[in-house]
1. Net charge near GLN150, counting Lys/Arg +1 and Asp/Glu -1 over other residues with Cβ under 13 Å of its Cβ?
2. Treating only the Cβ atoms of Lys and Arg (+1) and Asp and Glu (-1) as charged, compute the dipole magnitude of region 1-145 about its Cα centre; round to the nearest 20 debye.
3. List every residue whose amide H lies under 5 Å from the amide H of ARG154, counting only residues 5 or more places away in sequence or on a different chain, with H placed 1.01 Å from N in the peptide plane.
4. Mind grabbing the base-10 log of I(q)/I(0) for region 85-160 at q = 0.11, 0.22, 0.26, 0.28 Å⁻¹? Debye formula, identical points on the C-alpha positions, no solvent, two decimal places.
5. Placing one identical point scatterer on every Cα of region 23-101 and ignoring solvent, what is log10 I(q)/I(0) from the Debye formula at q = 0.13, 0.23, 0.25 Å⁻¹?
6. Given a cut-off of 30 Å, name the pairs among LYS32/LYS127; LYS69/LYS130; LYS32/LYS104 whose C-alpha atoms lie farther apart than that in the structure shown.
7. Quick one: longest stretch of the chain between exposed loop trypsin sites (Lys or Arg not before Pro), exposed meaning at most 13 other C-beta atoms within 10 Å and loop per DSSP?
8. For region 33-48, take each phi angle, set θ = phi - 60°, evaluate the Karplus expression 6.51 cos²θ - 1.76 cosθ + 1.60, and give the result in whole Hz per residue in order, putting x for glycine and proline.
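What follows is calculated from the coordinates using simple rules that are stated; it is not laboratory data. Since we're looking at a predicted model, the values are computed, not measured. Neighbour counts are summed over all protein chains in view; Cβ atoms, including those assigned to glycine, are modelled from backbone coordinates with ideal geometry.
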Amino acid sequence: MEINVGVLALQGAVSEHYHHLRRCGAEARKVKRPLDLEGLSGLIIPGGESTAIGYLMRETGLDRAVVEKSRQGMALFGTCAGLALLASEVEDGAANQPNLGLMKVRVRRNAFGRQRESFETMVNVEKWEKPLLGVFIRAPVITEASAEVQVMARLEEGIIAARQGNMLVTSFHPELVDDLTMHHYFLTLCES
Ligand code: GLN
């Protein structure tokens, strides 16, 4: 059976996720309004600017709709800005920074510095056979996680990949590398 997965398409790295999902064999859909969530098993919240995405989610009503669908079992995958949007606590966020508060973690935005401090490094995900190339662009990290959060990878600065039930987050951008492992992993969460 095909899995229907959406990519939140308000701002940020939308088409890269969309193409990765297609390459994994999933039925992908761009989500711009609450109605687009119907029938989805999972949703990716991409990287971009968390403040901008958050405001647009609020404006379109997608903030409440995503929380509601998540409570009904829809899986979520937040990359970079998407991680900040899913977190329950954001350090040094913009005033009135909107976030969905679904994942019980504290996030520090831009934890590695500014745009020109962007970098790539191999990431070892716990229990995975092979490391994955991580692209970090003004990336956030998780500085604190509650007991129900499973830490999947970390660097010196903090946690960079984690899972809570069927919610997955990464500080880095798996959609920007030619490696589908993280997207395949997310699809297993969408199926369960
Ligand atoms: N620093 C950005 C933010 O917090 C995220 C950057 C990114 O998604 N590449 O919105």
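1. My count for the surroundings of GLN150 gives +2.
2. 100 debye
3. ILE160
4. The Debye formula, applied to the Cα set alone, gives -0.30, -1.08, -1.27, -1.32.
5. Listed by q, the Debye log ratios stand at -0.37, -1.14, -1.32.
6. Checking Cα-Cα distances, LYS32/LYS127; LYS69/LYS130 exceed 30 Å.
7. That would be 1-113.
8. 8, x, 4, 5, 7, 4, x, 7, 8, x, 9, 9, 9, x, x, x
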